[in-house]
Amino acid sequence: MPVVPRAPRLSPWGRVVAVSGAIVGVVVVGMVAWSVAAAHERRVSYSVSGALEGLSLDLGNADLVVVGAGRSASVAVSHVDHYGFGHGPEVRRTVTGGVFTVRSRCPKTVLHACTVRYRVAVPDNLALDIRTSGGSVDLRGYRGSARITTRDGDIDVDGFCGFLLQAQAEGSGDVAARTACAPQRLALRSTTGAVRAQVPGGRYRVDASTSGTGPIVRGIVNAADAPFAIQALSSSGTVVVERVP
């Protein structure tokens, strides 16, 4: 009869480690199940009308889509919040000096996730001041002036027409802008991300720089006396300034 080898006996310390590992595994599984069971979704929509002169959005890690609303008389805001354990984002809304301000932050805890996505419809010529940290910003069909700042979030602008567009990713985010008309001033910057400007053909004062390969300027005339200015800068990302295809 073959001899079956006996399993090695655990030392007292080994038994303690094994039991502790089993307990931790049970706790982790329990916490995941609890988090899923406690998950919430909240949808909020509202509009703001009146004599507004500007809109300021400070949204933390939330993603944001802004669309131009033409001659609409109000700002329409909606957001979808996902969170657990009943701890949703903290939101503060104020109107001061004609500027409507929204500040949103998720709680800083490790026991639950919190994500927020905003969509805002903005009338023409209502000045925008937008800031996020990790959240991305998409700006579509807006006519006016806008300043956008993120940390690591990407910035994507399409169909912009206005006097001033400043878009800066202070960390690794990419910055791209495609304009529907020649902007008086277009300033795009990223610390390490890519920067891309697409504008109608014409004469521009172009300041483009990167320590990486490039920059690339094509399809437009770079002239010191041009009426329109483009700045496209990145410390190490690719930089492209070109005519709209």
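The values are calculated or read from the model by the stated rules, or taken from the named source; none is laboratory data. As the structure is a computational prediction, the values presented were derived from the model and not from experiment. Note: ideal-geometry Cβ built from the backbone for every residue, glycine included; neighbour counts use all protein chains shown.
Among strands (runs of 3 or more DSSP E) entirely within the range 22-135, having at least 1 residues that are of a type outside the set (Val, Ile, Thr), at pLDDT 95 or above and under 20 Å from Gly162 (Cα atoms) singles out 54-58, 63-68, 74-84, 114-122, 127-131.
For every residue, the table says whether it meets (1) farther than 23 Å from Ala187 by Cβ; (2) in the same structural domain as Ala180 (by TED's automatic domain parsing).
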{"residue": "Leu52", "(1), (2)": "yes, no"}
{"residue": "Val66", "(1), (2)": "no, no"}
{"residue": "Phe100", "(1), (2)": "yes, no"}
{"residue": "Val116", "(1), (2)": "yes, no"}
{"residue": "Ala121", "(1), (2)": "yes, no"}
{"residue": "Ser145", "(1), (2)": "no, yes"}
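The number of residues in the range 192-226 being hydrophobic (A, V, I, L, M, F, W, C) and more than 20 Å from Ser236 (Cα to Cα) comes to 6.
Results for (1) touching a residue at least 40 places away in the same chain (Cβ under 8 Å); (2) within 15 Å of the chain's Cα centre (by Cα); (3) crowded, with 20+ Cβ neighbours inside 10 Å, shown as yes or no for each residue.
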residue	(1), (2), (3)
Val66	yes, yes, yes
Arg71	yes, no, no
Val77	yes, no, yes
Asp81	yes, no, yes
Gly86	yes, no, no
Gly98	yes, no, no
Thr101	yes, no, no
Ser104	yes, yes, yes
Thr115	yes, yes, no
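Residue pairs whose Cβ atoms lie under 6 Å apart, separated by 6 or more positions or on different chains, with the first residue in the range 230-244 and crowded, with 19+ Cβ neighbours inside 10 Å and aliphatic (A, V, I, L, M) and the second assigned to a strand (DSSP E or B) and at pLDDT below 95, do not occur. Candidates Asp174, Asp129: the one that is over 18 Å from Ala208 (Cβ atoms) and acidic (Asp, Glu) is Asp129. Among residues belonging to the range 127-156 that are more than 10 Å from the chain's Cα centre (by Cα) and within 26 Å of Pro89 (Cα to Cα), point out the one that is surrounded by the fewest Cβ atoms within 10 Å (Cβ to Cβ). Step by step, filter the range 127-156, then rank; the result is Arg140. I need the full set of residues from the range 208-240 which are closer than 13 Å to Arg189 by Cβ and in a strand (DSSP E or B), in order please. Residues satisfying the conditions are Ala208, Ser209, Ile230, Gln231, Ala232, Leu233, Ser234, Val239.
Quick one: which of Gly202, Gly214, Gly219 is modelled with pLDDT under 95 and over 19 Å from the mean Cα position of the chain (by Cα)? Within the list Gly202, Gly214, Gly219, the selection yields Gly214.
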